[in-house]
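What follows is a single structure, and I will ask about it in a moment.
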Amino acid sequence: MEGLFEVVVFLATATLGAALARKLGLLAPIVLVVAGLVLSFVPGFPHIRLDPDLVLVGILPPLLYVAALETSVPAFRHNLRPILWLAVGLVLFTAAAIGLVLHLLLPMVPFAVCLALGAVLAPPDAVAATAVARRIGLPRRVVTILEGESLLNDATALVLFRVATLAAVGSAVGVTEVTIEVLRSAGGGVLIGALGAFLFGFLHKRISDPLLDNALSLIIPFAVVFVAEEIHASGVMAVVVTGLALGHKLPVLMSAASRLQVGAVWRLVRFLLEGLVFLLVGLQLPDVLQDLDEPVGRVVGVTAAVLGTLFLARFAWLFPVTYLTRLVPSVRRGTARKPAKYPLVIGWAGMRGVVTLAAALALPLTVAGGREYPRELFIWLAFAVIVATLIGQGATLPMVARKLKLPPDDPVQDALSAAGVQQQAGRAARERLDELADSAPAPVVERLRRGVEDRTNLAWERLGGAERETPSQAYGRLRQEMIDAEREVFRDARDTGRIPEEVLVRAYRDLDLEESLLRREDDR
């Protein structure tokens, strides 16, 4: 009962923190981390010591899965080269740089365990990158690259972490062992992910009940990661592959009712889990400080060196990769040259999150020969990196994006493309209607034809200026007033006993669906 109470308190606190962030116009991850830091010293506030398995198996898979579901596969494929340079190349480069700096500062610590911490600190957090990048309105291609990086970089880091940890505890690790580990982790993860996509896509296509579709969707990330971990493959890679494949085919796998409900459920799950993970990071401060038993000067010096290395390594990798690779003719033909402001903003978006701390807590207690090393210092470094990057880079990223004046996506071009496709869709709908017109009364056919024309006109209306009210906006405003009046009548009829509750529920459901459509049109 006490554990359940603590979970409710954490979720309620995370919800209040997110609401406060929206009210103040701040980024929720930053507000929640700061709130966790403050609440960690409040007497009587529930406390939880972070369990690595809870994060890596219980929290990360659903967050990665929903991010992959919402990722555009064509955009991901189009930007695959820069994504892989970041998710694989940058992770390895950063881990090696941090491992080398740590080994130079702490020569008594084996390089393998320093490299393991480098792998822990190297990957930016999937949750933080997505939450911050979308919130501040970065260009769509930049968001795609950051999201793609955050989907894949954990797999690279965890494979490197596993290899470095094996070497640190004295296991023989050569080229053959590393190759086998990479093939088993990455290749096995891709294989399990593809099998998961096939199996669960098959099930989704044959389920017609939205509730069952929702239940299956919530089970998928856990089922995939459990199978992957059972054969020591990368659960992260498996979940991402399954999510990308199912998300791309979702329109043909689920009914409209299932898609609407699944989308709403996953938005709630992501909101709660994102709030929870950032709050939990801040709440770990007392445990981290309690276990830390190092001279203050050494802690400050090593922390500053690691933060500086982490920050500089990202830029030292980004700029050469962005511009030197253009010396290759095939790369130069495939992409247009981007101004320096693009790698600058991508470099600044290097926030770390809860996965970094969870992996640090999984560091071995001793190294080869049973020797001890400053494990508590390493855990502190992971915690310090998370807080410093989230608060430092996360809080200043909106300002950096504004100063760099990255050109936003052209809304006119988006509207023009949408209108053109809507016109083609309307033409296809009218042709199908003409084929079936003899099977329905003429008034029904005419009503359907008007609906097609209204949707096409609405798409073209968005190309106009915002100075005057469009016909569709006027329709939405008046129809909203009509819906409110209809609700009042149904509610009064229920209260006076003229209709049962079930009739009111059905009527409200239909009116709510229509109002949600009106609001969706207004938000465009």
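The values are calculated or read from the model by the stated rules, or taken from the named source; none is laboratory data. Quick caveat: nothing in here was measured; it's all calculated off a predicted structure. Positions of Cβ are backbone-derived with ideal geometry, glycine not excepted, and every protein chain shown enters the neighbour counts. Quick note on the areas: whole protein, heavy atoms, side chains included, nothing else; ligands and nucleic acids left out. Shrake-Rupley method; radii C 1.70, N 1.55, O 1.52, S 1.80 Å.
Output the residues belonging to region 362-382 that are over 13 Å from residue 304 (Cα atoms), open to solvent by 10 Å² or more (accessible area, probe 1.4 Å) and not in a loop (DSSP other than H, G, I, E, B).
Selection gives 368, 369, 370, 371, 375, 376, 379.
Only one of these is farther than 24 Å from residue 389 by Cβ and in contact with a helix residue (DSSP H, G or I) (Cβ under 9 Å, 6 or more places away or on another chain): 75, 96, 21. Name it.
75
Restricting attention to region 212-243, and to residues there that are open to solvent by 60 Å² or more (accessible area, probe 1.4 Å) and without any contact (Cβ under 8 Å) to a residue 12 or more places away in the chain, which single residue is nearest to residue 180 (Cα to Cα)?
Checked region 212-243; the qualifying residue nearest to residue 180 (Cα to Cα) is 230.
Residues are listed down the side, and each one gets a yes or a no for (1) in a helix (DSSP H, G or I); (2) more than 21 Å from the chain's Cα centre (by Cα); (3) at pLDDT 85 or above:
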{"residue": "3", "(1), (2), (3)": "yes, yes, no"}
{"residue": "6", "(1), (2), (3)": "yes, yes, no"}
{"residue": "9", "(1), (2), (3)": "yes, yes, yes"}
{"residue": "17", "(1), (2), (3)": "yes, no, yes"}
{"residue": "64", "(1), (2), (3)": "yes, no, yes"}
{"residue": "68", "(1), (2), (3)": "yes, no, yes"}
{"residue": "76", "(1), (2), (3)": "yes, no, yes"}
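Right, residue 195: part of a helix (DSSP H, G or I), open to solvent by 20 Å² or more (accessible area, probe 1.4 Å) and not acidic (Asp, Glu) or not?
Taking the combined requirement at face value, the residue satisfies it.
Please go through region 469-508 and pick out each residue that is more than 41 Å from the chain's Cα centre (by Cα) and open to solvent by 80 Å² or more (accessible area, probe 1.4 Å).
489, 495, 496, 498
Looking only at region 95-148, count how many residues are surrounded by fewer than 20 Cβ atoms within 10 Å (Cβ to Cβ), among the β-branched types (Val, Ile, Thr) and modelled with pLDDT of 90 or more.
1
Which of the residues that make up region 284-293 are assigned to a loop (DSSP other than H, G, I, E, B) and open to solvent by 50 Å² or more (accessible area, probe 1.4 Å)?
If the condition is that a residue be assigned to a loop (DSSP other than H, G, I, E, B) and open to solvent by 50 Å² or more (accessible area, probe 1.4 Å), then 293 is the only one that fits.
While we're on this one: Output the residues belonging to region 78-91 that are touching a helix residue (DSSP H, G or I) at 6+ places or on another chain (Cβ under 7 Å) and open to solvent by 30 Å² or more (accessible area, probe 1.4 Å).
If the condition is that a residue be touching a helix residue (DSSP H, G or I) at 6+ places or on another chain (Cβ under 7 Å) and open to solvent by 30 Å² or more (accessible area, probe 1.4 Å), then 82, 85, 88 are the ones that fit.
For the structure I just gave you, tell me whether residue 228 is in a helix (DSSP H, G or I), over 20 Å from residue 71 (Cα atoms) and in contact with a Gly (Cβ under 6 Å, 6 or more places away or on another chain).
yes
Considering 151, 160, 203, which residue is assigned to a helix (DSSP H, G or I), open to solvent by 40 Å² or more (accessible area, probe 1.4 Å) and modelled with pLDDT of 80 or more?
203
Evaluate the following for residue 431: is it without any contact (Cβ under 8 Å) to a residue 12 or more places away in the chain, outside any helix (DSSP H, G or I) and not polar (S, T, N, Q)?
no
Could you check how many residues of region 383-418 are more than 21 Å from the chain's Cα centre (by Cα) and in a helix (DSSP H, G or I)?
14
Then there is this: Quick check: is even one residue across region 269-283 without any contact (Cβ under 8 Å) to a residue 24 or more places away in the chain and surrounded by fewer than 19 Cβ atoms within 10 Å (Cβ to Cβ)?
Taking every residue of region 269-283 in turn, none turns out to be without any contact (Cβ under 8 Å) to a residue 24 or more places away in the chain and surrounded by fewer than 19 Cβ atoms within 10 Å (Cβ to Cβ).
Could you list all residues from region 22-62 that are in a loop (DSSP other than H, G, I, E, B) and open to solvent by 40 Å² or more (accessible area, probe 1.4 Å)?
Matches in region 22-62: 25, 26, 41, 42, 43, 44, 45, 47, 48, 49, 51.
Condition check ((1) modelled with pLDDT under 90; (2) among the charged types (D, E, K, R)) across all residues:
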position	(1), (2)
470	yes, no
475	yes, no
484	no, yes
488	no, yes
502	yes, yes
511	yes, no
